[in-house]
Structure formats: C-alpha cells, structure tokens
Amino acid sequence: MLVNRRLMALSLGHRRILHALTLVVCLGTASYWVQAWFLAHALAGLLPGQVHSGAQVAGSLLAVLGCGVARAALQQVQASLASALGTAVRLELRATLAGALLRPERLRDNSERSGARRLALSEGADGVEPYVTAYIPHALQLQILCPILLAGVATLNPVLAAALLAAVVVAVGAPRLWGRLLARRSTTHWDSYEALSADFLEALQGMRTLKILDVVPRFRTRLDERSQELHRATVATMRVSLADTALADLGIQAGLLAAAALTALHSLGALPSGIGGEPSLTFFTLILASEVFRPLRDLARQWHAGYLGISALGSIDAAIASDSEKPARAPAHPAPDPANGAGEQPTDGHTLVLEEISFRYGPTSPWLLNGATIGLRSGGITAVAGPSGAGKSTLFDIMLGFLPAGGQCLLDGRPMQPGDVSVVSQHSYLFPGTIRANLAAVRPGANEADMRGVMARAGLGAELAAWPHGLDTVIAEAGHSLSGGQLQRLAIARAILADRPVLLLDEPTSALNPELAGELMDFLRAEARYRIVVMIAHRTEALEAADTVLQLHEGTLRETIPSTSPETS
C-alpha cells in the first residue's frame with residue numbers, strides 16, 4: 001500500500017477536488033509522452049538519409065514547445081487545486097482537533113500538555129497538507145500511469161517492457177521492506193519533537209518560577225537532553241529514508257541501463273522486436289522507457305515533502321482519541337539538579353541586612369527605593385506593607401537578584417545568592433505532572449515522609465489523604481486542576497521543602513478563607529524559627545499575625561507596631 005490509510009481518509013470528504021487534482025497530475029505527466037513522440041520524430045529527421053523535410057522537423061519542435069506550454073498551464077491548475085484541497089483538509093483537521101480538545105472531559109484531563117497539543121494543531125496539521133495535496137495524487141498517478149505506459153512499451157518492445165517491469169517492482173517494492181522500521185522511527189522522531197515542544201513551552205510559561213526555585217540549570221539540562229534525543233531520532237530516521245532512496249534509485253538506474261542496452265542491441269539487430277526499424281520508433285521507445293520512471297521520481301520527491309504528515313499522525317490520533325483510547329503518557333516535570341543552593345542552617349539563626357538599597361526604573365523615574373536600610377532575623381514573621389506601586393514587589397525582585405540596585409543584601413554577613421531564597425509568588429506556577437515531581441523539583445533527595453510532612457504543615461494533609469493517588473496525583477499544567485487555595489498551599493509546601501534560609505511570600509493568604517489563613521500563619525510562624533520569613537501583606541489577619549511590619553513609603557522602610565493598621569492598598 002503506497003498511501004497511508006489514515007491520511008487518505010482525511011481527504012475522502014473532498015473526493016472531487018482530489019480526483020480533479022490527480023487527473024491534472026496525470027495529464028501533466030502524459031504530456032511528456034506526447035512530447036516524446038514529437039521529439040523522437042525531430043531527432044529522427046536530423047539523421048542522415050531520412051526523408052523528413054526541414055519543415056517537418058520544425059513542426060515537430062514546435063509541437064514539443066506546445067507540450068511544454070500546455071504542461072505549464074496544467075501546473076497552474078494543479079497548484080490551484082492543491083491549494084483548495086490543502087486548505088479544506090487543514091481547516092477540517094484543525095476543527096476536528098479543536099473540537100476533541102475542547103470537550104469538557106479533555107479540559108479536565110491533567111495529563112494534557114499544551115506544548116504537545118499545540119504541536120498537533122500547528123505543525124501536525126500543516127504537515128498533513130503536503131502529504132494529501134502532493135504525495136497522494138502522485139501515488140495514485142503511479143498506480144494509474146505506470147501500467148498504461150508499460151503496456152504501451154510492450155507493444156513496441158516486449159523484452160524491454162519486461163525489463164522495465166522488473167525495475168519498477170524493485171524501485172517500488174524494495175523500500176516497503178523497511179516500512180515498519182521507518183514507521184517506528186517516524187513515531188520516535190515525532191515523540192521527541194513533541195516532548196521538546198512541550199518542555200520548551202512549559203519553560204517559557206514557568207520561567208519566573210524556575211528562576212525563583214533556582215532550577216534554571218536543571219531545566220536547561222533537560223531541554224538539552226530533549227534536543228539531543230530529537231537529533232538522534234532525526235538522524236536515525238534519515239538513515240532509513242536514505243536506504244529507501246538508495247533502493248528506489250537502484251531500481252530506476254537499473255531500468256534505465258537495461259533500456260539503453262536493449263535498445264542498442266535491437267538497433268544492432270542482435271535482438272528481435274515487435275517494432276520495425278524506424279529510427280523514430282527507436283527514439284520514442286527509448287524516451288518512453290525513461291518516462292516509465294518519472295512517476296517514481298515524482299513520488300520519491302513528494303515523499304520527503306509529506307513525511308511530516310506521517311510523523312505527526314500519532315500525535316493527531318492522540319489528540320482526537322477519546323479518554324479510553326488515549327495512550328498513557330509519563331508525566332513530565334523538570335529534571336532537578338542535586339544542588340539547590342541550600343546550605344547548613346546556623347544554630348543561632350539567620351540575619352538578613354538590606355543596606356542602602358536604591359532603585360528606580362529609569363533616569364527620569366522616581367526612586368522606588370532610596371537608601372532603604374533594615375535588619376531582619378529569623379524567629380518571627382516580617383510583613384512588608386504599603387500602597388500599591390510603593391515598590392514592595394520590586395524589593396522582592398532585588399532580594400532575588402532579578403533587578404540591579406544600589407546597596408547590598410547581606411545574609412549572615414555575606415552577599416545573598418538566589419539559591420538562599422525560596423519564593424511563593426501570588427501566581428505560583430506548578431509544572432504538569434505529579435505532586436511528587438513538583439516537590440522533588442526543588443529537593444530531589446526528599447523522601448516520602450518529608451513530602452507528606454511539609455504537605456500536612458501547609459494545611460494539605462486532609463486533601464492529600466482524600467486524593468486516591470496521594471503524592472502521585474497528577475496535576476494539570478500550571479495547577480489548573482487545583483483550587484486557588486490548594487495551589488497556593490502546595491506552592492508554599494514546595495518552597496518550605498527547599499529548606500533555604502530566606503522565605504519570601506507575596507500575599508500568601510489571598511486565596512484562603514479566614515480559617516485556613518489562620519492555620520497557614522501558624523505554620524509560617526513555626527517555620528520562622530528556622531528561617532527568615534518575609535511576606536507582602538495587605539489583609540488584616542496577615543498583618544496582625546506578623547511579628548514585625550515594615551511600612552514602605554517614599555522609598556524608605558520603617559518599622560511599625562503590628563497591632564496598628566498600616567496604610568495598605
């Protein structure tokens with residue numbers, strides 16, 4: 001079978017256009033046969049002793065030119081039909097994919113990866129188009145025209161027709177021996193491409209979180225490994241494809257050599273033939289022998305153009321498949337690096353000094369921080385308050401090293417490094433995969449007891465016990481399968497598990513009800529015995545629970561009494 005049945009089925013809804021396109025392709029190839037007839041007569045007329053006049057030779061050459069003009073016109077029609085067919089198939093396929101992916105049950109499927117589905121909707125659908133518009137019509141042309149042309153050659157030279165038939169069988173049939181291997185290599189190639197696409201998109205979406213968690217080198221290593229896998233899969237596929245091409249070329253070259261040899265032997269009278277001794281028929285037979293392989297060469301060229309469509313078929317089927325048919329995929333998550341930047345905790349606690357911190361976004365912009373100085377110690381919760389736009393989030397970014405600022409941040413008497421800090425932002429990013437994988441991203445060596453313990457302390461013990469798969473519960477990309485409160489608490493549990501000297505939190509209670517907010521603050525107070533805990537806070541219960549409140553106003557930090565209500569936004 002020269003055509004993939006699944007991809008052929010995608011074009012069956014547009015049979016008329018496909019049939020018209022195939023007809024035009026066949027007519028374009030048949031024009032070479034007519035051209036061969038006139039060219040043979042022109043060549044014969046140039047031989048000494050021939051009765052053809054100059055006018056006859058000129059007429060034959062004009063006919064050859066006319067065939068070329070007609071073929072150019074057919075190619076324009078072919079391009080128009082191919083565009084119409086490709087657009088129709090591509091739009092129909094994308095509508096089918098979108099309909100399948102937007103079903104409610106699929107939207108709640110935690111194993112879906114946006115990068116993989118995006119690849120099916122874009123490159124996958126685009127790759128199907130050249131297969132349907134170019135490869136399928138040329139495959140049909142091969143099955144239609146080769147038998148007709150071989151039958152025509154057989155009426156002129158049966159021996160030559162038999163040799164050409166053997167060559168065609170080799171050129172068409174030999175590559176089929178590699179069909180299953182090529183299909184496996186194609187699947188591996190696309191899976192590698194899909195995995196790289198999904199990981200890359202997730203890295204872009206969660207870049208800030210990766211930076212905050214100090215696992216960018218880890219994810220960079222993962223992307224590099226994905227790239228190497230894709231390279232190996234591509235090279236392996238190319239090897240098989242080159243073997244296919246070599247076998248097809250072997251058949252074609254053997255056929256052309258046999259045609260030349262048999263025609264020469266016939267001309268010398270060494271072999272009988274059903275054609276007489278007319279030089280024009282000899283030339284015509286020789287040119288037709290070459291034309292037998294034109295559909296084969298065209299098909300080989302279109303195979304490489306439509307290869308992506310076959311590779312993408314598995315991804316397209318996975319996107320369209322129902323939940324029961326959908327193949328299971330291993331959850332993806334960042335591949336952690338053992339070094340997470342956390343050092344041994346001093347027995348006498350930690351000290352953080354922000355010394356003369358100054359920052360503004362441009363030379364003419366107002367100072368958000370202007371010589372801000374403060375000293376913090378572990379043992380209590382520090383809240384940073386102030387009106388919107390005062391620079392609270394900017395202060396956190398400076399402490400993380402995201403923004404260059406004047407002054408310095410000293411932790412235990414040394415410059416603070418990104419690996420010293422765990423951060424929980426207002427919109428924390430959770431990677432698709434299991435809860436276990438998300439926790440292991442910041443601390444690969446953590447055991448199950450460590451993970452369950454930190455989940456319980458973050459207020460997720462009841463949920464963890466209720467989830468059937470526990471730590472192996474799969475969460476959707478960006479944590480969309482969790483409630484806002486669950487996502488917030490899981491992000492806090494992940495930050496605590498990293499076990500770093502400084503913990504920064506941006507509105508940690510914003511997604512929690514008062515009861516859960518109180519429990520979380522008790523948890524953070526307990527953690528503050530081992531690390532410096534600083535949070536941006538607006539809500540009253542968070543400010544009242546803080547041991548120290550720093551009011552950020554006009555670029556300076558000043559300590560206020562927690563029981564009072566600082567100005568908030």
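Some notes on this structure:
- Couplings 3J(HN,Hα) of segment 143-151, computed from phi: 6, 8, 7, 4, x, 5, 5, 5, 5 Hz, in residue order, whole Hz [Karplus 6.51 cos²θ - 1.76 cosθ + 1.60, θ = phi - 60°; x for Gly and Pro].
- Per-residue packing, averaged as other Cβ atoms within 10 Å, sorts the ranges 281-287, 352-358 into the order 281-287, 352-358, beginning with the highest.
- With the simple spin-label model, which puts each label point 7 Å out from Cα in the Cβ direction, the T87 to L265 separation comes to 5.5 nm.
- Once the Cβ-Cβ distance of A254 and L65 is raised to the sixth power relative to R0 = 35 Å, the FRET efficiency obtained is 0.60.
- Under 5 Å, built H, 5+ apart or other chain: amide partners of M535: T382, A383, V384, L505
- Computed E for A73/Q417 - FRET, C-beta separation, R0 60 angstrom, nearest 0.05: 0.25
- In this simple spin-label model, placing a label point 7 Å from the Cα along the Cα-to-Cβ direction at both L46 and L27 gives a separation of 3.1 nm.
- Segments 20-33, 361-374 sorted - mean Cβ within 10 Å per residue, highest first: 20-33, 361-374
- Estimated FRET transfer efficiency (L516, E225; beta-carbon r; R0 41 Å; 0.05): 0.55
- Across segment 278-290, rounded Karplus estimates of 3J(HN,Hα) from the backbone phi angles (6.51 cos²θ - 1.76 cosθ + 1.60, θ = phi - 60°) give 4, x, 4, 5, 5, 4, 4, 4, 5, 5, 4, 4, 5 Hz, Gly and Pro being marked x.
- Modelled spin-label separation between S290 and S80, with each label point placed 7 Å from Cα along the Cα-to-Cβ direction: 3.2 nm.
- Size of segment 351-560 as Cα extents on the principal axes (Å, biggest first): 55, 33, 32
- Note: relative contact order over segment 351-560, using C-alpha pairs below 8 Å and six or more positions apart, is 33 percent.
- The phi torsions of segment 400-415, fed into the Karplus equation with coefficients 6.51, -1.76 and 1.60 and a -60° offset, translate into couplings of 7, x, 6, 10, x, 9, x, x, 8, 10, 10, 10, 6, x, 10, x Hz, rounded to whole numbers, with Gly and Pro shown as x.
- Under 5 Å between amide hydrogens, built in the peptide plane, is the criterion, and for T473 it picks out I435, R436 among residues at least 5 positions away or on other chains.
- Under-5 Å amide H pairs with H350, H placed in peptide plane, nonlocal only: S378
- Highest average packing first - 288-294, 458-464, 439-445, Cβ atoms within 10 Å: 288-294, 439-445, 458-464
FYI, it's all coordinate maths here, none of it is from the lab. Please read these numbers as outputs of a predicted model, since none were measured by experiment. In this analysis, Cβ positions are derived from the backbone assuming ideal geometry, glycine residues included, and neighbour counts consider all displayed protein chains.
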